[in-house]
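Enquirer: Here's a structure for you.
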Amino acid sequence: MSETADAPPHAALAQRSVSAILHNQRANGAIVASPDFSQYQFCWLRDGSFSAFALDVASEYDAAARYHQWVHESIQRIRGLIEDAILRRTSGAGSGEVEMPPARFTLDGAVVVDGWPNFQIDGYGTWLWSLGRHLDVAPESKLSPDWLDSIDRVARYLETFAVSPCFDVWEESGTAVHTSTLASVYAGLVSAAALLDDMRFLETAASVKVTLEGSARRLGYFNKSSESDDVDASVLWLDSPFRAVSSSDPWFEKTVSLIEDRLVLDGGLRRYPTDTYFGGGAWPVLTATLGWHYATIGKTTDARRCLDWVAGHFDREGRLGEQFGGEQRDRQHFDEWTDRWGPPAADLTWSHAMYVILENELARSDGTSAASDSRLAESNASAPEARP
Ligand code: BGC
């Protein structure tokens, strides 16, 4: 992208972030959520699948492929868990949260039952979406026949639990149905329909979309969840990247303006108004997401502002943390979380990933990015839609 003399050198910083993601990837493909934060020594499907998309954006196709192979192998290890969960639900038996497929795996691909709120279906949808994009753009990538089994199991799992209450992308509120989770499920099912050539999953995606639009029909904007009519920044993913709504949808436009009104903190974006995690600071992941939306609708000045904000939060070592400003915003909660787990993650792989994605979006709009990057963005923009 074109830069003024005193603007941050985004292309170079993005390249350094790509190196950080690669550094945080194990040889087996697993991507650690954060190398420094005690609680994040795992690979989350959510963080990892966004990070794999960023690797594809950066033309690091082999690394992205290694991640998808690692997910496939991890899914194969929990085949029984997935089938049991589906069977329990379809036979009407109760399903305890503990026995659900996990949100996060150890870096060796094992499941840890440690009381973490594991039942979060969004990561499975995000994986299928990310895998679909990878196969669309990575040269010489082809759908390994082995992967079909994992794709099918995950798609049937999503189909079964698509509109069930579960924990959200912030690993909270397990009794609600969450709008951004529905969008991940939608995108995952659309992707699975194409990969498996099975239109049944498109039909399910279409019905997920009807549920997703429920709050907007009632309120005129997309709410956080079935239990909260407030906003949540993760709802921005309805447009980029999950394409569950068009960026010019009036309900979505209204949602964006409410998010801008309620969630901006010192130029960055917070998760939701009542967030208290480490004082509820502003997240690079979400600020870059807002920038991604702005870039999509041609508001490049606003998108660059978001990119600059994220770039302004790299530390001297090039690390990019999870969140900023919580200490000043809500000292009491910041201290409570710090006493419990130590300071917030100083280096979050997903933060790097979203910076890379936004930098690439803007470089593409400037016409300075590689042809392969453009193919990825186009592939995401033209992913098939499921219409009711
Ligand atoms: C966030 C999740 C994220 C996890 C690992 C949690 O605090 O709420 O969205 O997947 O950290 O980064």
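Laboratory data are not the source of any read-out in this text; all were calculated from the coordinates shown. All of these numbers come straight from a predicted model, not from anything done at the bench. Here the Cβ is made from the backbone with ideal geometry for all residues, glycine too, and neighbour counts use every protein chain on show.
Enquirer: Which one of Ser51, Ala346, Ser164 is farthest out on the positive end of the charge dipole of the range 10-378, using unit charges on Cβ (Lys, Arg +1; Asp, Glu -1) and the Cα centre as origin?
Expert: Ser164
Enquirer: Something else: Can you bin the range 299-374 into rounded, prolate or oblate? Criterion: square roots of the alpha carbon gyration tensor eigenvalues sorted a ≥ b ≥ c, rounded for a/c under 1.5, prolate for a/b above b/c, oblate for the rest.
Expert: prolate
Enquirer: For the range 236-244, take each phi angle, set θ = phi - 60°, evaluate the Karplus expression 6.51 cos²θ - 1.76 cosθ + 1.60, and give the result in whole Hz per residue in order, putting x for glycine and proline.
Expert: In residue order, the calculated couplings are 4, 5, 3, 8, 9, x, 7, 6, 7 Hz.
Enquirer: Same structure again: Relative contact order for the chain using alpha-carbon pairs under 8 Å, separation at least 6, rounded to a whole percent?
Expert: Across the chain, relative contact order equals 20 percent.
Enquirer: If you don't mind, another one. Quick one: which residues, 5 or more positions from Leu269 or on another chain, have an amide H under 5 Å from its amide H? H modelled 1.01 Å from N in the peptide plane, none for Pro or chain starts.
Expert: For Leu269, whose amide H was placed from the backbone, the distant partners under 5 Å are Trp283, Thr287.
Enquirer: Determine, for the chain, the count of lysine pairs separated by eight or more sequence positions (or lying on different chains) whose alpha-carbon distance falls under 19 Å.
Expert: So the count of such lysine pairs works out to 4.
Enquirer: So, one more: With +1 assigned to the C-beta of every Lys and Arg and -1 to the C-beta of every Asp and Glu, and no other charges, what is the dipole magnitude of the chain about the Cα centre in debye, to the nearest 20?
Expert: 500
Enquirer: Counting Lys and Arg as +1 and Asp and Glu as -1, what is the net charge of the other residues whose Cβ lies under 11 Å from the Cβ of Trp283?
Expert: 0
Enquirer: May I ask for the percentage of alpha-carbon pairs in the chain that lie more than 26 Å from each other?
Expert: Value for the chain (Cα pairs over 26 Å): 48 percent.
Enquirer: Then there's this: What is the sum of charges around Gln76, taking Lys and Arg as +1, Asp and Glu as -1, for the other residues whose C-beta is under 11 Å from the C-beta of Gln76?
Expert: In short, 0.
Enquirer: How far, in nm, would the chain grow between Ala346 and Ser207 when pulled straight, counting 0.36 nm per residue and subtracting the alpha carbon separation?
Expert: 46.1 nm
Enquirer: Still on this model: Quick one: Cα centre-to-centre distance for the range 67-93 and the range 124-189, in angstrom?
Expert: For the range 67-93 versus the range 124-189, the Cα centre distance is 12 Å.
Enquirer: Go ahead and set up a Gaussian network model of the chain, Cα springs under 10 Å, then flag whichever of Arg331, Arg66, Arg262 fluctuates most.
Expert: Between Arg331, Arg66, Arg262, it is Arg331 that shows the largest mean-square fluctuation.
Enquirer: Can you tally the net charge around Thr160? Count Lys and Arg as +1, Asp and Glu as -1, for every other residue whose Cβ sits under 11 Å from the Cβ of Thr160.
Expert: Computed value for this residue: +2.
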